Amino acid sequence: MTTTPEPRPTVTPYDVPAIMAGLYGDGIIGLKGAFSREWVARLGEELPVLYREALARPGGAVGRGTNRHYVEIHPEDISGFLDLVTHPWVRTVCESVLGPNYQIVEIGFDVPNPGAKDQPWHRDFRAGPETLVDRRLNSLAFNLTTVDVEEDMGPFEIAPGTQWDDPSEYDHGMFPPVSFFPRYQALAQRKLPRMGDISARSALTIHRGTANTSDKPRPVLVLGVDAPGAGHDEFHDLQFTRGYYERLPQEVRDHLICRVVESLEPIVQGHTIEGLMMGDA
């Protein structure tokens, strides 16, 4: 008599417990050398063109402080979108933390230019009851630098573990009072990624961009992903032309919260963070 073997669990080359521990602990994890330097160099050629176009268009770029902008883009404006969202580490992180029905809601880039100042410590969103009560993360931000980050280029700083902090004294639920800053400064980790490295973080973990005293911009690609029901798609306008969308694998389309259009429409940024424009720290 023969028996049917039991199905084997999916094997991933990445350590899921470590992914969970990192995002629920420090609030940030990373993978070095996820992409080739050649792949990143191509992205590094595409973003400045999109940046110039956005600055010339009303509502195309939104300020994030002195000499800083955020630009939301169309996925098909860059050549590497499919490579990014199908990377095994990106997919494993999303599935592990946000569940198998995770939703891609945003792609864009930040540019801290020369002369950018220290941002105030902040969160990117208000924390909801799923985090404050249920202690569950329901969104992630992936960051991918297009340059080798040096100390004088305004590196990203993050205060590990603060995604769980009580925001009752925060302005708009996102900006802690200045009296809290010494604690964040004591916790702060300054990140110096290289071309090809990628990170994932909770946007609720207290963080800031630092002063860029160099003569070089520091562009970084941002991919925003939600658990079902998180609702951050309301702040964004992910669009695909019909032809591009239909060429995407079904396993990618299953994770998109987007509009399918005959021709791409200019994006007017909907996720402004006014506190970042009210004066740098």
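The values are calculated or read from the model by the stated rules, or taken from the named source; none is laboratory data. From a predicted model like this one, the values you see are computed outputs, not experimental measurements. Here the Cβ positions follow ideal geometry from the backbone for every residue, glycine too, while neighbour counts run over all protein chains shown. Note: accessible area is taken over every heavy atom of the protein model, side chains too, but ligands, DNA and RNA are not part of it. Shrake-Rupley method; radii C 1.70, N 1.55, O 1.52, S 1.80 Å.
Using the Karplus curve 6.51 cos²θ - 1.76 cosθ + 1.60 with θ = phi - 60°, what ³J(HN,Hα) values do you get for each residue of the stretch 118-134, in whole Hz, with x for Gly and Pro?
Residue by residue, the stretch 118-134 yields 4, 6, x, 4, 6, 9, 8, 9, 6, 7, x, x, 4, 8, 5, 9, 7 Hz.
Which percent of the accessible heavy-atom area of the chain goes to carbon and sulfur, probe 1.4 angstrom? Could the numbers behind the result be given before it?
Working: 6930 of 13190 Å².
The value for the chain is 53 percent carbon and sulfur by accessible area.
What does the charge dipole of the stretch 186-278 about its Cα centre add up to, to the nearest 20 debye, if the Cβ of each Lys and Arg holds +1 and the Cβ of each Asp and Glu holds -1?
For the stretch 186-278, the charge dipole is close to 600 debye.
log10 I(q)/I(0), Debye, Cα-only the stretch 39-118, no solvent, q = 0.14, 0.16, 0.23, 0.28 Å⁻¹?
For the requested q values the scattering log ratios are -0.59, -0.74, -1.09, -1.28.
Long-range amide H contacts for Asn212: which residues qualify at under 5 Å (H placed 1.01 Å from N, peptide plane, sequence gap of 5 or more or a different chain)?
The answer is Gly115, Ala116, Lys117.
With each label point set 7 Å from Cα along the Cα-Cβ vector, what nm distance links Thr86 and Glu150?
3.7 nm
Just reorder Glu72, Glu45 by solvent-accessible area, largest first, 1.4 Å probe, all chains present.
Numbers: Glu72 10, Glu45 130 Å².
Listed by decreasing accessible area, they come as Glu45, Glu72.
Normalised by the residues of the chain, what does the relative contact order come to in percent, with Cα pairs under 8 Å and at least six apart?
30 percent
For the chain, what does the accessible surface come to per residue with a 1.4 Å probe? Please give it in Å².
Using a 1.4 Å probe on heavy atoms only, each residue of the chain averages 47 Å².
Quick one: ranking Ser168, Ser36, Ser96 by accessible area, 1.4 Å probe, largest first, what do you get?
Ser168, Ser36, Ser96
Helix-derived [θ] at 222 nm for the chain: sum -39500 (n - 2.57) over DSSP H runs of at least 4, divide by residue count, nearest 500?
Calculated mean residue ellipticity at 222 nm is -6000 deg cm²/dmol.
May I ask you to compute the full-extension gain from Ala21 to Arg259, defined as 0.36 nm times their residue separation minus their alpha-carbon distance, rounded to one decimal in nm?
82.2 nm
Quick check for you: which residues of the stretch 97-121 have the amide N under 15 Å from the point 7 Å beyond the Cα of Leu187 toward its beta carbon?
What the label zone holds, given the 15 Å backbone N cut-off, is 121.
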